[in-house]
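Only the coordinates and a few stated rules stand behind these numbers; no lab work does. Just so it is clear, the structure is predicted and the values come from calculations on it, not from any experiment. Every residue, glycine as well, gets a Cβ built from its backbone with ideal geometry; the counts of neighbours run over all protein chains shown.
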Amino acid sequence: MSLASCSTSVKTAPSLGVFKQNQRDAALSGNGENLAIIVDQQGRATVQVQDLRQGKFLPTRHLNRYQAHGSPSLSWTGRYLAVIIQRNNRREVIIEDRTKGRLHRIQLPINRDPIRVSLSPDARQIAIQSSIQGKWRVEVFDLRQKIDADVVPGREALPSASQ
Amino acid sequence: MRRNLKIRLNKSIFFIYFPLLLILGGCNQGGSIQPLNGLNGMLLTSSNSRKEPDLERNWLVTLSNSNGKEKIELINLRTRKAIPIPGVNRPDAQPLSVSISANGERMAIIRQRANQIELLLYRRRLGTLQQLELKRKGIPRKVSLDGKGRVLAVQVSRDGLWETDLFRLSN
């Protein structure tokens, strides 16, 4: 499969594949080498991380025992995986450090019902969309006192951009 | 005798509880996180509601709603100001999903316009918005762009199932 464009200036791109299971909320790691998805397995939503280069699933030490609600998000190398889980009729945000095998539970301010999360590539910050009194709200939180940074290549490794 | 019993009891408590504490401590790191109050205040007051965040080191892109109209908003985290993205938001289109590259240069967008769901790639420096087409028919619903803006994952609805299409984008 390829990605074609209406514009002639966009070249046809080679496909990396199609995942045919019933799955949702695909999220790439910053380096594009890992993919996190929510897969419905016999009515139970679980989060999976796949190494796209080797095509194999990567282990998540803690997340298999939780009912994944959705919105996985990976840091640059895929070391950190943030996801919303369902626990005791409540939605919670957790972050698994896949390198150290640790689970970090994120304690949100009261009255926050998390809907979506997005980790920054270096895992220094996390953006959380919550429902507060029926309104969507996005807040950004600092994680520096909670987890180590993920390794992100320097600016020279990324295509340049200007404001 | 009583002293020996006390020592033995203390040892038992130690050997039972210490590994338990280690396990709990190693697996479940609690604690609160620090809100970025200045930025969050701006995010709160600058729109009626906001959703679908995609966070990069220096950029945050969201779908914001003001006066009942939803639009894509790109925020420079250093200046805490919205950056102009000419051509991205149209009065006749509703954005559904957005994802940005790490340097804020490329944005993958899904939007609904005139009963059509469009998959688009925006190049900010060039100011171009290009429509991308899935080769196999489906309805795109969510996008995820990698940090370099080169790999794109698209959640697609086909025959009542969600699938994920992966593509490598050209320069």
Query raised in the report: Using a simple spin-label model with points 7 Å from Cα along the Cα→Cβ vector, what separation in nm is obtained for B:ARG113 and B:ASN171?
Result: 2.9
Query raised in the report: Where Lys and Arg each count +1 and Asp and Glu each count -1, what net charge lies around B:THR45 among other residues with Cβ under 15 Å from its Cβ?
Result: +3
Report summary line: Along the range B:131-138, Karplus-curve 3J(HN,Hα) (6.51, -1.76, 1.60; θ = phi - 60°) to the nearest Hz, with x for Gly and Pro, reads 7, 10, 10, 6, 6, 9, 4, x
Query raised in the report: How long, wide and thick is the range A:23-145, going by the Cα atoms along their three principal axes, in whole angstroms, largest first?
Result: 44, 35, 23
Requested in this report: Just add up the charged neighbours of B:ASP92: K/R +1, D/E -1, any other residue whose Cβ is under 13 Å from the Cβ of B:ASP92.
Outcome: +3
Query - the range A:23-145, dipole about Cα centre (Lys/Arg Cβ +1, Asp/Glu Cβ -1), debye to the nearest 20 - result: 300
**Report entry** Taking B:MET107, B:MET42 and counting other C-beta atoms within 10 Å, the order from fewest to most
**Finding:** B:MET42, B:MET107
Requested in this report: Quick one: check the C-alpha center-to-center distance for the range A:28-64 versus the range A:125-154, whole angstrom.
Outcome: 21
Query raised in the report: Based on the Cβ-Cβ distance from A:ARG44 to B:ASN40, what FRET efficiency comes out when R0 is 51 Å, to the nearest 0.05?
Result: 0.90
**Report entry** Among B:ALA82, B:SER157, B:LEU132 - extreme Cα towards positive end, dipole of the range B:37-168, charges at beta-carbon
**Finding:** B:ALA82
Report summary line: FRET efficiency for B:ARG78 and A:SER131 from the Cβ-Cβ distance with R0 = 35 Å, rounded to 0.05, comes out at 0.75
